[in-house]
Amino acid sequence: MRIILVAGMPGAGKEELLSVARGMGLPFLRMGDLVREEHVKAGCPGRGIPVGQFANSEREEHGRDIWAKRAVARMDGDIFLVDGCRSMDEVDAYRAQGEEIVILGIFASPRQRFERLVRRARDDAPADLDEFAARDRREMGWGLAEVLALADVMICNDSDLESFKTAAARTLGGLV
């Protein structure tokens, strides 16, 4: 199996890349969905525990690769995309499966990412620049910056949506 690990800071364009992958018929898993699902199963929303805090506590308790190990159990086929790889520990957990691993990084400037996060208005959207910066520090603290620095392929998402989707389709087409 070829596993394409999609990595990017919040708001970089991972979800848009997945919409392109979906259109190409490529199977994928969002690690964030897995985390949110486990967050609910653990009863954290009722106890007021934020998703990010839960994800981090699971890493501390079960190892920095816990989310990758949980994701592997849900993957099958010849090719599979995994959105939201956050650390080299997770990359190594995928590599331990003996599969072919490709890291696909998505870059966008902090200003662009902040504006996108605010515009999409999800529950986890930053209230202000301080909250945005804190989230970036948390993500980088997990090891995301290292994953991005070691990406096999990088897409720069610094233009309009259609240009990014074209670049995503071209890049994914070259990887499958």
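A short reminder: the numbers here are calculations on the coordinates, not readings from a lab. Keep in mind that this is a model prediction, so the values were computed, not measured. Glycine also receives a Cβ, built like all others from the backbone with ideal geometry; neighbour counts cover every protein chain displayed.
Report relative contact order for the chain in percent, whole number only (criteria: Cα-Cα under 8 Å, sequence separation at least 6). Value for the chain: 36 percent.
Taking R0 as 22 Å, what FRET efficiency do you get between residue 95 and residue 33 from their Cβ-Cβ distance, rounded to the nearest 0.05?
On the way: r = 22 Å, r/R0 = 1.02.
Efficiency, from the Cβ-Cβ distance: 0.50.
DSSP loop GluC sites (Glu not before Pro) in region 73-176 with at most 15 other Cβ atoms within 10 Å of their Cβ, which ones? Mind showing how you got there, number by number?
Details: sites: 90, 99, 100, 115, 131, 139, 146, 162; in loops: 99.
Those that pass, being in a loop and sparsely packed, are 99.
Estimated from helical segments only, the mean residue ellipticity of the chain at 222 nm is -16000 deg cm²/dmol, where each DSSP H run of four or more residues counts as -39500 (n - 2.57).
Compute the Cα gyration tensor for the chain, then decide on rounded, prolate or oblate, letting a ≥ b ≥ c be the square roots of its eigenvalues: rounded whenever a/c is under 1.5, prolate when a/b is larger than b/c in the other cases, and oblate in all that remain. Please report the intermediate quantities before stating the final value.
Details: a/c = 1.63, a/b = 1.09, b/c = 1.49.
Oblate, since a/c reaches 1.5 and b/c is not below a/b.
Listed by chain and number, the lysines whose C-alpha is less than 28 Å from the C-alpha of residue 41, apart from same-chain residues fewer than 8 away, are 14, 69. Under a 5 Å amide H cut-off, with hydrogens placed 1.01 Å from N, residue 155 pairs with 105, 106, 107 among residues at least 5 apart or on other chains. For the chain, leaving out every one of the trypsin sites (Lys or Arg not before Pro) that falls in a DSSP loop and has at most 14 other Cβ atoms within 10 Å, the longest unbroken run is 1-73.
Fewest neighbouring Cβ atoms within 10 Å first, the residues 39, 62 line up as 62, 39. A simple spin-label model places the labels of residue 153 and residue 123 3.3 nm from each other, with each point 7 Å out along Cα-to-Cβ. Taking amide H atoms as placed 1.01 Å from N in the peptide plane, the amide H of residue 28 lies under 5 Å from those of 81, each 5 or more residues away in sequence or on another chain.
How far is the Cα center of region 119-176 from the Cα center of region 1-54, in Å? Using only Cα atoms to place each centre, the spacing works out to 13 Å. Rounded to the nearest whole Hz, the Karplus-based 3J(HN,Hα) values (6.51 cos²θ - 1.76 cosθ + 1.60, θ = phi - 60°) of region 145-154 follow the sequence 4, 5, 4, 4, 5, 9, 4, 6, 9, 10, with x at glycine and proline.
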